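Written out below as structure tokens is the structure these notes cover.
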Amino acid sequence: MFDAGALIRKAKMYQEYMNNIPIPLPHKSIIPCTSWEGLGNSVKQLYGQPLHYLTNALLRQWDRMRIESENEFQPLDTIIHPSKAEALLWSTEHVHRISPSHHHLAKLWVSDPMFYHTFIDSIDLPNS
């Protein structure tokens, strides 16, 4: 069982927190990557900030879309230039930080609590 009010408050705090993190300026270095999730993990380490729950979930979907495709086993950086992949990631992240409502996030989190815990990067939110 869950407390809907507490989850909505947590989603609101999360969305406000993520909205206040500035999107970093890209580094001049190229980030090699074999997968979208791998790219996400690399940028988290390189830039020292979390990615939005929706971005993490989308990166996983993009990797799953490649299953049984012609390029399933090709490293991502041989399919799309790493700087383009990173730019796409940050553009997507920007949309996810400014657009979704906390109500939408809470609905997603309720629909699959395990999924929710898998795709939320560690951040310090006050307990509700």
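Sorted by accessible area (1.4 Å probe), largest first, how do 31, 98 line up?
Putting 31, 98 in descending order of accessible area: 98, 31.
Towards the positive end of the charge dipole of the chain, with charges on Cβ (+1 Lys, Arg; -1 Asp, Glu), say which of 42, 30, 108 has the farthest Cα.
Ranked along the dipole, the leading option is 108.
Could you tell me the ratio Rg/Rh of the chain? Both radii from Cα atoms, Rh via Kirkwood.
On the Cα set of the chain, Rg over Rh gives 1.00.
Roughly what angle does helix 53-65 make with the longest principal axis of the chain, taking Cα atoms, 0 to 90 degrees, to the nearest 10?
Value to nearest ten degrees: 40.
Where the only charges are on Cβ atoms (+1 Lys, Arg; -1 Asp, Glu), what is the dipole of the chain about its Cα centre, to the nearest 20 debye?
360
Given the DSSP H assignment, sum -39500 (n - 2.57) over each helix run of at least 4 residues in the chain and divide by its residue total; what's the result at 222 nm in deg cm²/dmol, nearest 500?
-19000 deg cm²/dmol
Among the chymotrypsin sites (Phe, Trp or Tyr not before Pro) within the range 1-53, which fall in a DSSP loop and have no more than 14 other Cβ atoms within 10 Å of their own Cβ?
2
Taking the Cα atoms only, what angle lies between the long axis of helix 4-19 and the longest principal axis of the chain, rounded to 10 degrees?
Orientation of helix 4-19: about 40 degrees from the principal axis.
Any chance you could run the full-extension gain for residue 79 through residue 112? It's 0.36 nm times the residue separation minus the Cα-Cα distance, nm to one decimal.
Here the answer is 8.7 nm.
Could you list the trypsin sites (Lys or Arg not before Pro) in the range 1-91 that lie in coil according to DSSP, counting only those with at most 13 other Cβ atoms within 10 Å of their Cβ?
Loop-located and lightly packed - 28.
Of 17, 91, 58, whose Cα points farthest to the positive end of the dipole of the chain (charges on the beta-carbon: +1 Lys, Arg; -1 Asp, Glu; origin at the Cα centre)?
The residue sitting most towards the positive pole is 17.
Loop only per DSSP, at most 12 neighbouring Cβ atoms within 10 Å: give me the GluC sites (Glu not before Pro) in the range 35-128, ordered by residue number.
Those satisfying the criteria are 68, 70, 72.
The values are calculated or read from the model by the stated rules, or taken from the named source; none is laboratory data. Quick caveat, the model's predicted, so the values are computed rather than measured. Methodologically, a virtual Cβ is constructed for each residue, glycine included, from the backbone with ideal geometry; neighbour enumeration extends over all protein chains shown. Ligands, DNA and RNA are stripped out before the accessible areas are found, and what is left, the full protein with its side chains, is counted by its heavy atoms. Shrake-Rupley method; radii C 1.70, N 1.55, O 1.52, S 1.80 Å.
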